[in-house]
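A short write-up of the structure that comes next.
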Amino acid sequence: MKIDPVWKQLVTESFLKTAIRTPSQFNLPPSSIRFALEQMCRLFPQNKEVSLRPLRLAGLRAEEIKPNNEATQLILYIHGGAFFLGSLNTHRAFLSDIVARTQMQLIHIDYPLAPEQPFPEALDALFDVYNILLDQGIQAKDIILAGDSCGANLAVALALKIRDQELPQASGLMLLSPFLDLTLTSESLRYNRKHDALLSIETLETGIDYYVPKSMDKADPAISPLFADLTGLPPTLIQVGSKEILLDDAQRFKAKAEQSNVKVSFKLYTGMWHDFQLFTAWFDEAKRALADLAEFAHELDQD
């Protein structure tokens with residue numbers, strides 16, 4: 001039986017607000033929220049057209065997801081979760097869809113989470129992973145940095161650190177529902193507060209409190225890449241939903257990147273909430289976002 005798309009979206013938004021957003025507004029321990037999130041993500045079907053292999057890079061657990069055909073490009077993916085949530089398990093189904101659609105190899109990193117390991121532990125670990133990939137003979141032109149939410153933050157911060165350390169730069173950035181301003185000055189935090197089905201301001205505030213050392217300024221460019229000099233970043237894809245509380249993070253970053261002569265592809269998806277891309281199996285807008293991501297990645301492969 002085919003379900004009306006509008007009804008399906010309303011039901012899903014109601015479920016997410018009840019199961020994820022509302023509980024996140026209470027001061028629950030990270031372990032409890034992590035467990036609940038992993039259980040919910042079991043609902044997402046994993047794509048059977050790819051192969052998975054566990055591995056370790058720079059001492060971190062990681063997962064290699066490969067298509068059946070030989071891949072020429074590598075996506076280095078950094079999951080979201082407000083710096084204290086998310087894992088290989090929460091994003092595996094979505095990333096398997098990315099690999100099936102792009103026919104590119106993907107490496108997903110289980111990077112250090114706060115509060116156990118606050119800034120700069122995650123960024124330093126990801127920088128070590130990038131160096132190892134280069135040492136293994138993978139060319140920077142064949143690496144795409146990607147991430148959702150705080151993972152997009154870390155992807156930009158990683159690209160900036162690669163630039164500052166004068167290493168070969170990755171071929172592109174793919175930023176999904178990016179969280180880029182930890183000072184929380186984006187207006188959409190207020191006007192989309194009731195509309196975003198997944199993410200609450202309280203979750204962001206908790207993540208910031210866990211991630212940022214008390215001695216550091218939340219506007220530090222390594223913590224809030226929106227305030228960085230973006231000169232020299234590679235071509236960048238930005239995807240965001242119109243109902244996201246982080247909508248303005250994406251829009252402000254687009255404007256600043258373009259001012260720095262970064263080639264930007266900006267995609268806005270009507271009626272979608274934070275990290276809607278993870279719902280590829282259920283919504284046409286999420287399927288379109290996946291197609292847009294694949295198109296962008298293939299364009300990088302041709303350059």
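Where a number appears in this text, it was derived from the coordinates with a stated rule and is not lab data. Values in this document were obtained by computation on a predicted structure and should not be read as measured data. Here the Cβ positions follow ideal geometry from the backbone for every residue, glycine too, while neighbour counts run over all protein chains shown.
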The relative contact order of the chain, taking Cα pairs under 8 Å that sit 6 or more residues apart, comes to a percentage of 18 percent
Most exposed first, judged by fewest Cβ atoms within 10 angstrom, Ser31, Ser171 run Ser31, Ser171
For the chain, shape from the Cα gyration tensor axes a ≥ b ≥ c, cut at a/c of 1.5 then a/b versus b/c, turns out rounded
Ordered by fewest other Cβ atoms within 10 Å, a rough proxy for footprinting exposure, Ser242, Ser87 read Ser242, Ser87
Among Lys161/Lys218; Lys194/Lys267; Lys263/Lys287; Lys214/Lys254; Lys66/Lys141; Lys218/Lys243, the pairs whose Cα-Cα distance exceeds 27 Å are Lys214/Lys254
GNM of the chain, Cα pairs under 10 angstrom: of Lys254, Lys194, Lys66, the biggest fluctuation goes to Lys194
Counting only DSSP loop positions in region 45-74, the GluC sites (Glu not before Pro) whose Cβ has at most 14 other Cβ atoms within 10 Å are Glu49, Glu70
If each part is reduced to its alpha-carbon centroid, region 228-292 and region 146-175 end up apart, in Å, by 15 Å
Among trypsin sites (Lys or Arg not before Pro) in region 42-142, those in a DSSP loop whose Cβ has at most 12 other Cβ atoms within 10 Å are Arg42, Lys48
In terms of the alpha carbon gyration tensor, root eigenvalues a ≥ b ≥ c, rounded if a/c is under 1.5 and otherwise prolate when a/b exceeds b/c or oblate, region 209-268 is oblate
Charge tally for neighbours of Pro45 with beta carbon under 15 Å away, counting Lys, Arg as +1 and Asp, Glu as -1, is +3
Sorted by chain and then number, the residues having a modelled amide H within less than 5 Å of the amide H of Thr236, at least 5 places away or on another chain, are Leu173, Lys263, Val264, Ser265
With a ≥ b ≥ c from the Cα gyration tensor eigenvalues, square-rooted, and the rule rounded for a/c under 1.5, otherwise prolate when a/b > b/c and oblate otherwise, region 251-303 is oblate
Within the set Asn192, Asn69, Asn131, GNM on the chain using Cα springs under 10 Å gives the largest fluctuation to Asn69
